[in-house]
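To keep things clear, I will list the structure first and then write my remarks on it.
The values are calculated or read from the model by the stated rules, or taken from the named source; none is laboratory data. Everything numeric here is computed off the predicted structure, so don't read it as measured data. In this analysis, Cβ positions are derived from the backbone assuming ideal geometry, glycine residues included, and neighbour counts consider all displayed protein chains. Side chains included, ligands, DNA and RNA excluded: accessible areas come from the protein's heavy atoms. Shrake-Rupley method; radii C 1.70, N 1.55, O 1.52, S 1.80 Å.
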Amino acid sequence: HGVPGVAFDPKDKVAIAEEIMRQKYEASLESGTPLEGQINQLELRLLWQPHIEKIAQEVRRSMVFYEEQSEGKRIGGIFFIGGGVGLKNFLEAVRALIGMPCEAILPFADLVHHIPAGNTFKDELCATSLFAGAASLSAGVSVSKTARESQVNFLPVELKQREAVAMRRFVFLTIAFVSIIVLLVLTLQAYIMNQRTKARLKQMVVKLEKVRNVSQGLKQLELAQRKINDRDRVINELVKARRDIRRPLSELAAAVSDEILLERCVATGNKLELTGLVVADYEGAQASVLAFRRRLERVPFFANISLSEFDLEEMVPEVERGAGGQLSLTRPRERRFILITDIVEEQ
């Protein structure tokens with residue numbers, strides 16, 4: 001009989017019970033005797049209904065889990081295998097509860113075989129899901145080796161929750177371990193960079209100290225250069241303000257006679273002071289100095305000439321030896337004089 005089909009909602013137990021009583025009552029009226037040992041289709045369906053609902057519930061749970069594991073992929077249809085698939089109206093009853101196309105897998109429907117014609121085993125092998133379980137296990141072994149990512153986890157909810165908690169804990173520990181490693185690496189890198197920065201700072205301090213010393217040396221050199229420039233400027237000003245006395249001195253040298261020896265010549269501004277020496281008696285020395293003065297007065301570079309007087313001394317008349325026999329009132333000796341004159345521009 002398989003799974004009988006009913007026109008009532010299988011969940012409406014009251015309506016089905018009333019229908020069963022009505023059918024039995026009508027059957028007893030028609031036969032005139034109570035019905036015993038006969039099978040009522042509604043009663044048979046009520047026996048099947050808990051098993052069909054359990055199968056449908058397990059299928060829905062598997063569908064929900066697959067959609068969660070496959071990141072939202074939708075299931076287009078469901079295929080059943082096994083000998084129970086051959087029960088009449090079984091797939092229709094499950095399809096009504098699931099709301100999705102359901103088909104039976106016949107693994108040997110297109111199998112090429114050499115079974116003699118008319119053999120009932122041949123018809124059952126090709127038209128039913130006989131040996132479909134063994135075929136599915138064989139196919140599942142090969143699929144599991146090549147497409148493990150398509151496997152579905154049918155563990156209980158508690159175990160799956162524990163697995164999820166363990167996985168989250170493992171992920172957390174892994175993230176914490178990686179974070180600690182990254183933190184240690186960053187700390188080590190910061191320490192190395194800090195040491196390098198300190199070394200560079202020390203080098204920069206040494207260089208700055210050298211630059212500071214060089215700067216101080218440059219400042220001292222600049223100060224010395226400034227002093228030299230000031231002195232050079234003063235010297236240049238003095239040189240510019242100084243009178244050119246080369247020609248007056250050359251004229252002075254030409255005016256000096258052989259009797260006169262100049263010991264000292266000092267030029268101060270426009271003044272020229274001469275200190276000379278004459279080796280002669282008083283009268284001869286006086287005559288030589290006066291002649292020297294007259295020669296200087298004729299030079300256009302000298303003016304306002306003043307001459308110091310010789311000190312008076314006691315006369316000691318003496319006749320010079322020789323053919324001339326001149327009379328000298330003083331003895332010959334070294335006599336010094338001082339002559340002061342102004343240096344003027346040539347007229």
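Some points to look at:
- The set of residues in the stretch 231-261 being among the aliphatic types (A, V, I, L, M) and open to solvent by less than 60 Å² (accessible area, probe 1.4 Å) consists of ILE245, LEU252, ALA255, VAL256, ILE260.
- Some residue of the stretch 45-67 being assigned to a loop (DSSP other than H, G, I, E, B), on the phi < 0 side of the Ramachandran plot and surrounded by 12 or more Cβ atoms within 10 Å (Cβ to Cβ): no
- Total residues in the stretch 234-248, condition over 30 Å from ARG295 (Cα atoms) and either of a type in the set (Val, Ile, Thr) or modelled with pLDDT of 90 or more (or both): 2
- Pairs with Cβ under 6 Å, 6+ apart, first in the stretch 255-280 and more than 19 Å from VAL299 (Cβ to Cβ), second surrounded by 14 or more Cβ atoms within 10 Å (Cβ to Cβ) and among the basic types (Lys, Arg): LEU277/ARG336; VAL278/ARG335
- Residue match in the stretch 315-331 (condition: closer than 21 Å to ASP258 by Cα, modelled with pLDDT under 90, touching a helix residue (DSSP H, G or I) at 6+ places or on another chain (Cβ under 7 Å) and not in a loop (DSSP other than H, G, I, E, B)): no
- Across the stretch 265-304, the number of residues qualifying as within 29 Å of LEU329 (Cα to Cα), basic (Lys, Arg) and surrounded by fewer than 14 Cβ atoms within 10 Å (Cβ to Cβ) comes to 1.
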